[in-house]
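Trainee: Can you keep this structure in mind? I'll have questions shortly.
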Amino acid sequence: MRILFVAALVAFLAACTAKTDDAPPVIVPKGPGEQAQTLAPEDVGTDRWTAPNEADLTYVVSMIGHHRQALEMSALAPERAQNETVKALASRIHDTQGPEIGAMEQWQRQYGEKAPAHGHSGKMPDVDHASMPGMATGEQLDALKNARGADFDRLFLQLMIAHHEGALKMALDLLKAGVDPRVQEMANDVLVSQQDEIDTMRSIKIG
């Protein structure tokens, strides 16, 4: 379901970028209970379009960096992990968060760079990725790279649970402050999928 959502999102965004003379209208989702807005393709990015706000833009930039660290950590597991469940979980994280990064980058190209409203400059916000919730420090990543076997498994679970919990906080904050329905869908997917993975990681027993 998670991969299907990402694939559908990428397909939707790609369709919105099509530039043809007979391109169909762009349907812009609105908030819950609100009627969707229909725009001509050339109107996306103009004052007729309800732009993402700063919270949406910052969330996407932040979550791309957050996901990239999860990929870095999970890529270490095949050669270092001992527990097969840890290996399978790391593979799942790697295989799902990579496409999610692609979907968020596509959203940036289609919508984030066309957001002059709300005082936004049109540039992506600067984010201090090291200060984001749940991010492992350089020292912790070095320790993970140097660990093997059960020691790796224990440290991986410790760091990845904290990492996922940080992602949940970021997603909840976005849902309180963001306005873009596409970004809200991304955040809701994070809440569901990463809480499920946290539950799985907490159930793993390392001998």
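Taken together, the values in this text are just the output of simple stated rules run on the coordinates, not laboratory data. Just so we're clear, the structure is a prediction, and the values are computed from it rather than from any experiment. Note that we place each Cβ from the backbone using ideal geometry, even for glycine, and neighbour counts take in every protein chain shown.
Trainee: For the pairs 87/176; 145/169; 145/205, note any where the Cα-Cα span goes beyond 23 Å.
Mentor: Beyond 23 Å between Cα atoms: 87/176; 145/169.
Trainee: Could you sort 134-145, 195-206, 98-109 so that the peptide with the highest average Cβ count within 10 Å comes first and the rest follow in order?
Mentor: 98-109, 134-145, 195-206
Trainee: While we're here: Calculate one ³J(HN,Hα) per residue across segment 177-182 by plugging θ = phi - 60° into the Karplus curve 6.51 cos²θ - 1.76 cosθ + 1.60, and present them in order as whole Hz with x for glycine and proline.
Mentor: 3J(HN,Hα) across segment 177-182, in whole Hz: 10, x, 10, 7, x, 5.
Trainee: Under the rule a/c < 1.5 gives rounded, and otherwise a/b versus b/c splits prolate from oblate, where does segment 138-207 land using the Cα gyration tensor?
Mentor: Since a/c reaches 1.5 and a/b is larger than b/c, the shape of segment 138-207 is classed as prolate.
Trainee: So what J values fall out for segment 88-93 if you push phi through Karplus, 6.51 cos²θ - 1.76 cosθ + 1.60 with θ = phi - 60°, rounded to Hz, Gly and Pro as x?
Mentor: 5, 5, 4, 5, 4, 4
Trainee: Check which residues have an amide H placed less than 5 Å from residue 135's amide H, if you skip close sequence neighbours.
Mentor: Long-range HN contacts for residue 135: none found.
Trainee: Moving to a separate point now. Which value results for Rg/Rh of segment 48-104 when Rg is the Cα radius of gyration and Rh the Kirkwood radius based on the inverse mean 1/r?
Mentor: For segment 48-104, the value is 1.19.
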